[in-house]
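The values are calculated or read from the model by the stated rules, or taken from the named source; none is laboratory data. Please read these numbers as outputs of a predicted model, since none were measured by experiment. No Cβ is skipped: glycine too gets one built from the backbone with ideal geometry, and neighbour counts run over all protein chains shown.
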Amino acid sequence: MFEVVSYIFVVILSTAIPPFVAVPLELAAPSKFGLPLAFIYTLFGNIIGAVIGFLIARKYGWVVIERLFHEHHVAKAKKIAEKYTFWKITWTRMLLVSLFDVLSWAAGLTAISLPMFMVSTLISNIPIVVIILLFGNSINISYALMGWMSVGILIVSIYLVYMSLKSKSKAEASVAKKKL
């Protein structure tokens, strides 16, 4: 039972927090839980994680965007968000699978309701979950090895984000010095 809860929790985190990736674990899930249960656990985790990202963006998204960007860009973003309908969100998330978690946050900035977002998440998530799990089932890889790969990917992702933010703050400091 602990393994099931842990797996679902990791899938939730990977969907709610964009730099974190659980695909290696998802590949190994069929060998650990069997294909039908791996499908249910993965889909459940992805939906809950997407909803968390959606709700955070719904509550704080525009506040953060308004602080980070010029009002002209914010107005433009709001116009784009108004145009995103259920099917546009669903197809965008289905076609841009690598941005699935980021697009969950972006959907929180639109007018789509939470129940419709959940249905969109279900529809857009089923094809990729099936592909990942079927592929993982066919190669039958070690669950422990894939867990360590997920941790490694997380560490590298955090490091890259840190370095990016660090270089951005140095660039901003040099621009501020030039203005003086």
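For Ala144, the conditions (1) small (Gly, Ala, Ser); (2) within 17 Å of Val21 (Cα to Cα); (3) at pLDDT 75 or above all hold with the exception of (3).
Cβ-Cβ distances below 7 Å connect no pair with a first residue in the stretch 105-116 that is closer than 12 Å to Lys88 by Cβ, a second residue that is modelled with pLDDT of 80 or more and among the basic types (Lys, Arg), and a separation of six or more residues or different chains. Across the stretch 93-118, the number of residues qualifying as surrounded by 14 or more Cβ atoms within 10 Å (Cβ to Cβ) and modelled with pLDDT of 85 or more comes to 3. Residues in the stretch 82-126 that are outside any helix (DSSP H, G or I) and over 14 Å from the mean Cα position of the chain (by Cα): 7 in all.
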